[in-house]
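Asker: Mind looking over this structure? Questions follow.
The values are calculated or read from the model by the stated rules, or taken from the named source; none is laboratory data. Every value quoted in this text rests on a predicted model; they were computed, and no experiment measured them. Every residue, glycine among them, receives a Cβ derived from its backbone with ideal geometry; neighbour counts consider all protein chains shown. When the accessible area is computed, the model is the full protein with side chains, heavy atoms only, and any ligands, DNA or RNA have been set aside. Shrake-Rupley method; radii C 1.70, N 1.55, O 1.52, S 1.80 Å.
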Amino acid sequence: MKLKDLEIFVVAPPFPGWGGRYWIFPKLTTACGITGYGECYASTVGPRAMIAVIEDVFSRHMEGSSPEDIELMFRRAYSSGFTQRADPTVMGAFSGLEIACWDILGKARNRPVWALLGGKINKRIRSYTYLYPEPGNENPDFWIDPDAAAGAAVRFMEMGFTAVKFDPAGPYTLRGGHQPALSDISRSVAFCRAIREAVGDRVDLLFGTHGQFTTSGAIRLGRELEPYNPLWYEEPIPPDNLLEFAEVGRAVRIPLATGERLTTKAEFGALLRHGGVKILQPALGRVGGIWEAKKISAMAEVFNAEIAPHLYAGPVEWAANVHLAASIPNLLMAETIETGGAFHQKLIRNSIIWENGYILPPEAPGLGIDFDEDVARAHPYSGTGLHLQMQEAPCDYTNGNRFEGGAPSTLPHKE
C-alpha cells in the first residue's frame, strides 16, 4: 500500500461563512485505489501558495511511502530544509495529508480511526459552539449586543449545548498585545452578566479572546470577568510569548485555554512546562495531525491538563477532532459549528451525528465521513483573502471597537 495521487479542494463556505473564508481538503489515493481525505488549517499564505506547499510536502516527504509511515513522514516534514522546528505552514500542509493517511488506514483495516488510536474511551463527546446569530437574522450589531448574545445562548442551550463561546473584547490587531479599551472591558462584563443571567448554571461560559492583550491588559480584563465563573479564558495574550501565560494564570482565577495557533508537541510542551495553561486547544489541521495531537494529549495527562480540540475550519478537521476526542481520557470537550453547521454536514452528507449537545464518534471505517466531492467542486474559493485576517488599525480608545465574529463583512485589504 503506497501513496500515489494527490488532489486538493479549496472550498468556500456560503454566507454567512462560519468556519473561515475557505477550507483546504487534500485527497490522497494509494496505488491500490484506497482514498482518504484530510484538511489543512494553515492561513499564513493564500490558497494558491498553500496548494503549492501541500504539493511539495507530499511529493518530497510522502509520495511512494506507505500511509502507515506516519512517524517517518512527520520527521521528514518537521526536519525539512535543516529546520527541525515548528513551522505552521509546512506543518499545516503535513497535518491535512496526515489526516488523510489515517482515513486510508482505517478504510484498509475496516475500522474507525479511533479504534487505531487505542479504542473508544468516550462514547459521547461533549461539544460547544460559538454564539452565532440565528440563520436569516445575521446583523453586524449582534457581535456587540449583550442581550442578543444572551438570546443566542438560550437558543443553543435549548438545542442541548452545555457550553457556549463568545468574544466581545475588541479587535485582533497585527500590532501585538494592547491594553483593552475600558469600553471593551465594560462590554465583556455586560456579555458575561447577560448570558449568565439567561442560562444560569445549565451552560458553561467560554470567554474567547485571540491573543490581543498585553499581560497586564489580560489581567485587568480577566479579573473583571471572575464573578461570572467562566470555564475558560481563551488565549488572552499573543501565542508567541508562552512564558507570559503563567503570569496571567497566577493573577486571574479563571482557567486559561490556548493552542489553536500552536503547532507540534514542541510548542505545547513548552507551554505546559512554563505553566499557567491547563486547557489545550490543538487544531488538528495545523498541529501536525492526529498522531501528533495524540502525543500532546498524552503529554498533557502528566500535567493534569485537559484537551478541547479547536475548530474554526471545515468538517474533515471536525471529524479528525472527534476521533482524537473519542480516544483520550483527558478530554474536556470539542468545538463544533452549531450542530455541525448546515454546510459542514452537507459537505460530508450528514455522516457525523450530533445529538443533544454531544457528538457521537462514527462507527464507519476511517474518519467515518462521506465526503461529497460534487459539493466541494460547486463551491470553489476564488478570492485572495486569507482564511482569517487580523486588522492593521490599532485598538480605538475614543470611538470604541467593533468585531463581527469570524466572517466579517469587510476585509482590512481587498478580497
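Asker: On a 0 to 90 degree scale, rounded to 10, what angle separates helix 146-159 from the longest Cα axis of the chain?
Answerer: 40
Asker: Something else: Pairs Lys2/Lys346; Lys295/Lys346; Lys2/Lys27: which exceed 23 Å Cα-Cα?
Answerer: With Cα atoms farther than 23 Å apart: Lys2/Lys346; Lys295/Lys346.
Asker: Hey, what number do you get for the chain at 222 nm if only DSSP H runs of n ≥ 4 count, each worth -39500 (n - 2.57), divided across all residues, to the nearest 500?
Answerer: Theoretical 222 nm ellipticity from helices: -11000 deg cm²/dmol.
Asker: If I take the Cα coordinates of region 58-140 and project them onto the principal axes, what are the three extents in Å, biggest first?
Answerer: Sorted largest first, the three principal extents are 49, 34, 20 Å.
Asker: If you don't mind, there's one more thing I want to ask. Given (1) 162; (2) 126; (3) 256, which label gives volume of the Cα convex hull per residue in Å³ as computed from the coordinates?
Answerer: Correct label is (2).
Asker: Could you give the dipole magnitude of region 66-106 about its Cα centre, charging the beta-carbon of Lys and Arg +1 and that of Asp and Glu -1, in debye to the nearest 20?
Answerer: 220
Asker: Longer than 29 Å from Cα to Cα, which of Lys165/Lys265; Lys107/Lys165; Lys107/Lys294 are they? Say none if no pair is.
Answerer: Pairs exceeding the cut-off: Lys107/Lys165.
Asker: Let me ask something else. Just tell me which aspartates and glutamates come within less than 13 Å, Cα to Cα, of Lys4; anything on the same chain fewer than 8 places away is out.
Answerer: Hits, sequence-local ones excluded: Glu55, Glu63.
Asker: Any idea what the dipole of the chain comes to, in debye rounded to 20, about its Cα centre with Lys/Arg Cβ at +1 and Asp/Glu Cβ at -1?
Answerer: 840
Asker: So, with +1 on the Cβ of K and R and -1 on the Cβ of D and E, and no other charges, what is the size of the charge dipole of region 12-137 about its Cα centre, to the nearest 20 debye?
Answerer: So the dipole magnitude of region 12-137 works out to roughly 440 debye.
Asker: If you take the charge dipole of the chain about its Cα centre, with +1 on Lys and Arg Cβ and -1 on Asp and Glu Cβ, which of Gly170, Ile328, Gly160 is farthest toward its positive end?
Answerer: Result: Ile328, furthest along the dipole toward the positive end.
Asker: Hull surface divided by four, with the convex hull built on the Cα atoms of region 240-361: how many nm²?
Answerer: 7.5
Asker: Pairing the Cα long axis of helix 215-225 with the longest principal axis of the chain, what angle in degrees results, from 0 to 90 and rounded to the nearest 10?
Answerer: Its long axis makes an angle of about 70 degrees.
Asker: Among DSSP bridges having both ends in the chain, what percentage is antiparallel? Round to the nearest 5.
Answerer: Of the beta bridges lying entirely in the chain, close to 45 percent run antiparallel.
Asker: Hey, another quick one. Round to a whole number: what % of the accessible area of region 75-222 belongs to carbon and sulfur, probe 1.4 Å?
Answerer: Exposed carbon and sulfur together represent 50 percent of the surface.
Asker: Turning to a different aspect of this structure: Modelling each spin label as a point 7 Å along the Cα-to-Cβ direction, I'd like the Asp5/Gln389 distance in nm, to one decimal.
Answerer: 3.6
Asker: Working from Cα positions, state the angle (0 to 90°, nearest 10) between the long axis of helix 290-302 and the longest principal axis of the chain.
Answerer: Taking Cα atoms only, the helix is inclined about 50 degrees.
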